[in-house]
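Okay, so here's the structure we're looking at.
No value in this document is a laboratory result; all are computed from the given coordinates. The structure presented is a predicted model; accordingly, all values stated were derived computationally and were not measured. Ideal geometry is used to build each Cβ from the backbone, glycine not excepted, and the neighbour counts take in all protein chains shown.
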Number of protein chains: 2
Amino acid sequence: MESIAVSALGYGAATLTTLSLFPQAVKTVRSGDTSAISLRMYGLFTLGILAWAAYGLLKADGPVIAANLITLVPATVVLERKLRALLDGRERRGGGPRGRG
Amino acid sequence: MESIAVSALGYGAATLTTLSLFPQAVKTVRSGDTSAISLRMYGLFTLGILAWAAYGLLKADGPVIAANLITLVPATVVLERKLRALLDGRERRGGGPRGRG
């Protein structure tokens, strides 16, 4: 049985987890420092969020769709910064930063 | 329509996001260092995971239940370490660690 209360709980959960993940993206974009970000873990996480969004769409589950489509934005931004730092040679895989600029 | 493929996608998504969140808990427990953890963000996140687990139970959604009940374990462990560090006076709110031990 679908009720308004259950939907409200789902959207509340979506708001909490989505809000809690934004500050990392803001910090990464502001500082430009991705040395403390694990490529493997952030890659797994981003792929997982994409899979959750697809699952939500297939189940027509509003809170799951909303939470994961929105979370996909900061997750992709952080992953893109991390990949760019690695490709530019500013960081080595598994190591810290070599230096800025 | 519920199909095996949709369930498999959901459990795949659950595995990816759950796995990606464990290393933080392992690192925190091993190092005992919670100075880089934001109490507010981790508190919001843990509360959100609890709400998602309740939502999953009410919707009888297997992947949502599994992902969030399992994620609740490392999230609670990290939050407990952070709170203990603050209560023991090893860290100040909003600041870094004062020192170890």
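For the options B:Leu47, B:Leu16, B:Leu69, a Gaussian network treatment of chain B with springs between C-alpha atoms closer than 10 Å singles out B:Leu16 as fluctuating the most. Taking 19 Å as the straight-line reach from the Cα of A:Lys59, the lysines in range (excluding those fewer than 8 positions away in the same chain) are B:Lys59. In chain B, the longest principal axis of the Cα atoms and the axis of helix B:62-87 are about 10 degrees apart. Remark on the protein assembly as shown: hydrodynamic radius 17.9 angstrom, per the Kirkwood mean of 1/r across alpha carbon pairs. The alpha-carbon of A:Lys27 sits under 25 angstrom from the alpha-carbons of these lysines, leaving out residues fewer than 8 places away in its chain: A:Lys82, B:Lys27, B:Lys82. Spin-label model, A:Asp88/A:Leu72: points 7 Å from Cα along the beta carbon direction are separated by 2.6 nm. The magnitude of the dipole of segment B:1-88, with charges of +1 and -1 set on the Cβ of Lys/Arg and Asp/Glu and taken from the Cα centre, is near 260 debye.
Each copy carries a label point for A:Gly62 at 7 Å from Cα along the beta-carbon vector; from one copy to the others these points are 2.6 nm apart, nearest first.
Between the C-alpha center of segment A:3-80 and that of segment B:13-65 there is a gap of 12 Å. Couplings 3J(HN,Hα) of segment A:28-38, computed from phi: 5, 5, 5, 7, x, 9, 10, 5, 8, 8, 8 Hz, in residue order, whole Hz [Karplus 6.51 cos²θ - 1.76 cosθ + 1.60, θ = phi - 60°; x for Gly and Pro]. Averaged over the residues of peptide A:19-32, the number of Cβ atoms from other protein chains lying within 10 Å of each residue's Cβ is 2. Taking every C-alpha pair closer than 8 Å and separated by at least 6 residues, the mean separation divided by the residue count of segment B:5-101 gives a relative contact order of 35 percent. Look at the stretch B:57-64: the mean tally of other chain Cβ atoms within 10 Å of its residues' Cβ atoms is 5.
The Cβ shell under 13 Å around A:Phe22 holds other residues with a net charge of +3, Lys and Arg each +1, Asp and Glu each -1. Shielding by partners for peptide A:46-53, expressed as the average number of C-beta atoms from other protein chains within 10 Å of each residue's C-beta, is 6.
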